[in-house]
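Visitor: Provided herewith is a single structure, encoded as structure tokens, for subsequent inquiry.
Please treat every number below as a calculation from the coordinates, not as lab data. Since this is a predicted model, take the numbers as computed values, not measurements. Backbone-built Cβ (ideal geometry, glycine too); neighbour counts: all protein chains shown.
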Amino acid sequence: MNSKTYKIGFIGAGSIGTLFGGKIASNQSEKYKTEVILFGRKPHIDMVNRNGLRVEENGKVEKVSNIFGFTDIQSYQTFFKVLGLHNFDFLFLTTKAYDIEQSIKDYKMIIEKCKFFVLLQNGLGNEETARNYISDHKIIRALTTDGAFLKRPGLVIHTGEGLTQIGFPFSQSRVNDSKDYYKKWLYRLKEILLDSGFKTKQVDEIQTKCWEKIFVNIGINAFGALTRLENGKLLEIKNLKELMHKAIKEAYEIAKRKNVPLEKKDYTEAAYQVAQHTYNNKNSMLQDILQKKKTEIDYINGKIVEYAREMGKKVPINETLTYLIKGLEESWK
């Protein structure tokens, strides 16, 4: 496998997809090569194809030339009609959670032919939606606390270093004697991400990690979006910090009732640490609000509200946050 060229694609290449795609493309490994293709909005893709991608980290800007993209599946098909098939080894979905179903339908042709389909998104229940269209065994779930901001077409800023975790959400669906095959490919994905500068862990209980990540999102995203504050500044307001704790506690109680195998740790403190580590980062929900876009509230706080209703339980903080964000979304329609 060491001499292989890995073909990697990103559907919905906004901030996080462009960051990961750009850093993977700039990875100069001697063990393997990578070919990276972005699928995104026309202004961004046109700029990348014309002038290359620029990735800014710690005030330094690196130009990435060996990356290109397409605005839709039709333009991709037309291009590769001449060159032949381009089957992806790892095809990432980095759209907003509410676009999962439509994106899978739009890119069905290349998703069916890819080796592994990687969901790199916020939210709970994403893989359950994906499995309605894709074989369980090829779905990988990826979570990251790295921060990214697409400042303008062709320029993405790495706003905060974090941890990326990867794993198979439906490991029970794989044939036992094929385990080594899947482990090797998951390890290779981890290796590619590590070589590209992302702190990465390969985990068995990725569903548990999804909940742990959602605790962080619940403690930061809606609060930042409603106050317009960067992550770290949320911690400087005592009463707001206490509300963050209460929102996470509500979600934790719902997770326990769903028998999620959680580790014994302080999830509020974990969220505080992420906020401090990404002090100047405008979280993705805040970015959406500032740009008057739809948010992922239904897949974060709203998902806790949904689960709570199914159980006949109350989660007043998460319910309030959900309705306030949805009210903001309505205000610009």
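Visitor: Between region 1-80 and region 260-304, how far is it from one alpha carbon centroid to the other, in angstrom?
Guide: That distance is 26 Å.
Visitor: Would you mind computing, in nm to one decimal, how far apart the modelled labels at Asn132 and Lys4 are, each placed 7 Å from Cα along Cα→Cβ?
Guide: 3.1
Visitor: Can I ask one more? Please compute the net charge surrounding Lys213, taking Lys and Arg as +1 and Asp and Glu as -1 over other residues with Cβ under 14 Å from its Cβ.
Guide: On the way: positive: Arg141, Lys201, Lys209, Lys265, Lys303; negative: Glu127, Asp146, Glu205, Glu212, Glu263, Glu296.
Result for the local shell: -1.
Visitor: Let me ask you something else. Quick query: amide H of Glu161 versus all other amide H atoms, modeled in the peptide plane; which residues come in under 5 Å with a sequence gap of 5 or more or a different chain?
Guide: It is Gly147, by chain and number.
Visitor: How large are Rg and Dmax for region 15-92 when only the alpha carbon atoms are used, in Å?
Guide: 13.0, 41
Visitor: For region 151-293, just say rounded, prolate or oblate: build the C-alpha gyration tensor, square-root its eigenvalues into a ≥ b ≥ c, call rounded for a/c under 1.5, and beyond that prolate if a/b exceeds b/c, oblate if not.
Guide: oblate
Visitor: Scan the chain and hand back the longest stretch that contains none of the GluC sites (Glu not before Pro) lying in DSSP loops with at most 11 other Cβ atoms within 10 Å.
Guide: On the way: sites that count: Glu30, Glu236, Glu263.
No qualifying site falls inside 31-235, the longest such stretch.
Visitor: Starting from the 7 Å offset along Cα-to-Cβ, what nm value, one decimal, do you get for the label separation of Glu161 and His277?
Guide: That separation, rounded to one decimal, is 1.0 nm.
Visitor: Of all trypsin sites (Lys or Arg not before Pro) in region 179-247, which ones are in loop regions per DSSP and have a Cβ with at most 15 other Cβ atoms within 10 Å? Could you put the intermediate results ahead of the total?
Guide: Numbers: sites: Lys179, Lys183, Lys184, Arg188, Lys190, Lys199, Lys201, Lys209, Lys213, Arg228, Lys233, Lys238, Lys241, Lys246; in loops: Lys199, Arg228.
The qualifying sites are Lys199, Arg228.
Visitor: Residue by residue through region 129-136, which ³J(HN,Hα) values in whole Hz follow from phi under the Karplus form 6.51 cos²θ - 1.76 cosθ + 1.60 (θ = phi - 60°), with glycine and proline marked x?
Guide: So the Karplus estimates, Gly and Pro as x, are 5, 5, 5, 6, 10, 10, 4, 3 Hz.
Visitor: Against the longest alpha carbon principal axis of the chain, how many degrees, from 0 to 90 and to the nearest 10, is the axis of helix 15-25 turned?
Guide: For 15-25 against the chain, the angle is about 40 degrees.
Visitor: Once you keep just the Cα pairs under 8 angstrom separated by 6 or more residues, what percentage relative contact order results for the chain? Each step should come with its number before you reach the end.
Guide: Numbers: 597 pairs, mean separation 48.8, N = 333.
Computed over the chain, the figure is 15 percent.
Visitor: Got a sec to turn the phi values of region 95-104 into Karplus ³J(HN,Hα) couplings, 6.51 cos²θ - 1.76 cosθ + 1.60 with θ = phi - 60°, whole Hz, x for Gly and Pro?
Guide: Residue by residue, region 95-104 yields 6, 5, 4, 6, 9, 4, 4, 5, 5, 4 Hz.
Visitor: Run the simple label-point estimate for Asp266 and Lys105 please: 7 Å along Cα→C-beta, distance reported in nm.
Guide: Calculated label separation equals 4.7 nm.
Visitor: If you don't mind, there's one more thing I want to ask. Among the trypsin sites (Lys or Arg not before Pro) within region 27-125, which fall in a DSSP loop and have no more than 12 other Cβ atoms within 10 Å of their own Cβ? All intermediate terms of the calculation are to be shown ahead of the outcome.
Guide: On the way: sites: Lys31, Lys33, Arg41, Arg50, Arg54, Lys60, Lys63, Lys81, Lys96, Lys105, Lys108, Lys113, Lys115; in loops: Lys31, Arg41, Lys96, Lys115.
Counting only loop positions with at most 12 other Cβ atoms within 10 Å, the trypsin sites (Lys or Arg not before Pro) in region 27-125 are Lys31.
Visitor: In what order do Cys114, Cys210 fall by count of nearby beta-carbon atoms within 10 Å, going from fewest to most?
Guide: Numbers: Cys114 20, Cys210 24.
Ranking Cys114, Cys210 by Cβ neighbours within 10 Å, fewest first, gives Cys114, Cys210.
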